[in-house]
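The values are calculated or read from the model by the stated rules, or taken from the named source; none is laboratory data. Predicted model only: the values in this text are computed from it and were never measured. Note: ideal-geometry Cβ built from the backbone for every residue, glycine included; neighbour counts use all protein chains shown. In case anyone asks, the SASA skips ligands and DNA or RNA and just uses the protein heavy atoms, side chains included. Shrake-Rupley method; radii C 1.70, N 1.55, O 1.52, S 1.80 Å.
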Amino acid sequence: LGAELDAAVVESGGVRLELLDAISDGQVAKVALRVTVLDPAAQERLQETGGPFFGRRTEVLLEDDRKIDSLGYSSGSSEDGTYSVLLPFRDEALEQRGQCSIRLRDLETIDLEQGHERETVLSGEWVLSVTLRPTEVIRLEPGALCRVSGDDWILDSVTLSPLALRLTFHREGEGRRTSRWVPYKDLSIRLKNGEVLDMEGCSLNGGYGGRH
């Protein structure tokens with residue numbers, strides 16, 4: 001479970017990026033970075049606004065040229081121009097082992113006093129390299145039936161790893177009214193020893209495709 005950090009530091013265009021850690025389980029990957037803004041004017045502007053984020057697409061580039069976009073972005077605050085950044089990615093293509101690149105473009109900020117408008121602070125492109133070593137993922141197809149608010153939901157598949165739990169549902173009955181039930185709301189996991197894990201400290205990502 002995890003990754004080997006290859007090209008772990010890059011510095012250009014007034015920004016220094018350090019790849020601190022990366023972890024992958026074959027379905028989800030998370031990348032931790034330290035971002036140091038070296039340009040004094042950019043530092044000052046970021047302190048005046050809501051802090052930095054990377055604009056346009058932040059993506060993983062696999063060896064077979066496939067691209068995986070980041071699911072989001074989180075950044076820790078700083079007073080000296082240094083920020084901690086966490087980037088999550090999710091795609092079945094992460095199952096493959098091997099070297100990949102992480103590409104980030106344009107350091108931006110959001111001016112909270114100007115209607116949350118995006119502003120490019122520093123333009124550029126930065127690429128870091130990492131070798132993914134995903135762990136084995138357990139896959140189940142239980143076909144379990146759940147009846148919620150008058151609708152029948154079928155649990156089609158479960159994928160489980162030390163990093164993530166992924167559930168795939170579909171709702172029975174084409175053409176029926178739209179259900180308001182969200183399958184991953186208030187999710188908890190009961191272990192064999194009776195311990196119950198809630199969602200505190202976890203992140204949720206939901207998606208819809210066809211009836212799923």
**Report entry** Only one of 69, 106, 65, 151 that is surrounded by 16 or more Cβ atoms within 10 Å (Cβ to Cβ), over 16 Å from residue 52 (Cα atoms) and among the acidic types (Asp, Glu)
**Finding:** 151
Query raised in the report: Does residue 33 satisfy the criteria of being open to solvent by 60 Å² or more (accessible area, probe 1.4 Å), in contact (Cβ under 8 Å) with a residue 12 or more places away in the chain and either basic (Lys, Arg) or farther than 17 Å from residue 94 by Cβ (or both)?
Result: no
Report task. Being closer than 28 Å to residue 108 by Cα and open to solvent by 70 Å² or more (accessible area, probe 1.4 Å) is the filter here, so list the residues in region 120-143 that pass it. Result -> 123, 125
Report summary line: Within region 118-139, the residues that are more than 23 Å from the chain's Cα centre (by Cα) and free of Cβ contacts under 8 Å to residues at least 24 places away in the same chain are none
Query raised in the report: Given the structure, is residue 148 hydrophobic (A, V, I, L, M, F, W, C), more than 26 Å from residue 88 (Cα to Cα) and at pLDDT below 75?
Result: yes
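Here's the yes/no breakdown for (1) at pLDDT 85 or above; (2) touching a Lys or Arg at 6+ places or on another chain (Cβ under 7 Å):
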residue	(1), (2)
67	yes, no
78	no, no
86	yes, yes
93	no, yes
96	no, no
102	yes, no
Query raised in the report: Quick one: how many residues across region 48-62 are open to solvent by 70 Å² or more (accessible area, probe 1.4 Å) and either at pLDDT 85 or above or under 19 Å from the mean Cα position of the chain (by Cα) (or both)?
Result: 2
Report summary line: Checked region 72-100 for anything closer than 14 Å to residue 24 by Cα and not charged (D, E, K, R); matches are 86, 87, 88, 89, 93, 94, 96, 98, 99, 100
Query raised in the report: With respect to residue 89, is the statement that it is of a type in the set (Phe, Trp, Tyr) and under 13 Å from the mean Cα position of the chain (by Cα) true?
Result: yes
